[in-house]
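This report refers to the structure that appears directly beneath it.
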Amino acid sequence: VQLQASGGGLAQAGGSLRLSCAASGGGFNSYVMGWFRQAPGRDRDFVAAISWRFGGTNYADSVKGRFTISRDNAKNTVYLQMNSLKPEDTAVYYCAAAHSLATLPNLSYEYNYWGQGTEVTVSS
């Protein structure tokens, strides 16, 4: 499984960005796709997750109502639409894949595959 994240960049507070994660190398019906982020000097934190088969979602409290995770099965791509960005959203964002049908994991150790990060900077 290979994951390729893209879409990061610079945004102003209140603005929007959309991250993409292109997945390849296997069938993904039994996977959950997640986004995590890591700010300098901090741990890697859960942002959002989506079940590839069922479409169920899970969000960190800090992004609920502002971020939306979605998937395009035909393109094997997961998106993270980020609206109402805040300076505290500044981080390197990583996409990840976990073998899971029953739950939407929010801990990094539960994920089996990781993409490279894409950097998001939000200016005030």
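Can you give the convex hull volume per residue for the Cα atoms of the stretch 41-124, as a whole number of Å³?
Working: hull volume 9.1 nm³, N = 84.
In the stretch 41-124, the Cα hull volume divided by residue count equals 108 Å³.
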Open item on the list: Between Q38 and A74, how high is the FRET efficiency from 1/(1 + (r/R0)^6) when r is the Cβ-Cβ distance and R₀ = 30 Å? Nearest 0.05.
Closed with: 0.50
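Nothing charged except the Cβ atoms of Lys and Arg (+1) and of Asp and Glu (-1): what's the magnitude of the dipole of the chain about its Cα centre? Round to the nearest 20 debye. Working shown, then result.
On the way: 10 positive and 8 negative charges, 48 e Å.
For the chain, the charge dipole is close to 220 debye.
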Open item on the list: For the stretch 6-61, take every pair of Cα atoms, bin their distances at 10 Å starting from 0, and report each bin as a whole percent.
Closed with: 18, 43, 31, 7
TODO: Quick one: accessible surface of S84, probe radius 1.4 Å, all protein chains present, in square angstrom to the nearest 10.
DONE: 60
Task: Alpha carbon centroid spacing (whole Å) that separates the stretch 101-124 from the stretch 45-78 - done: 10
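Which percent of the Cα-Cα distances in the stretch 1-94 go past 23 Å?
Values: 912 of 4371 pairs.
For the stretch 1-94, the fraction of Cα-Cα distances above 23 Å is 21 percent.
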Open item on the list: Just to verify a number: what accessible area does R66 come out at with the full protein assembly present, 1.4 Å probe, Å² rounded to tens?
Closed with: 30
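The values are calculated or read from the model by the stated rules, or taken from the named source; none is laboratory data. What you see is a predicted model; the values in this text were computed from it and never measured. Please note: Cβ atoms are built from the backbone with ideal geometry, for glycine as well, and neighbour counts cover all protein chains shown. The area values use the complete protein model at the heavy-atom level, side chains included, leaving out ligands, DNA and RNA. Shrake-Rupley method; radii C 1.70, N 1.55, O 1.52, S 1.80 Å.
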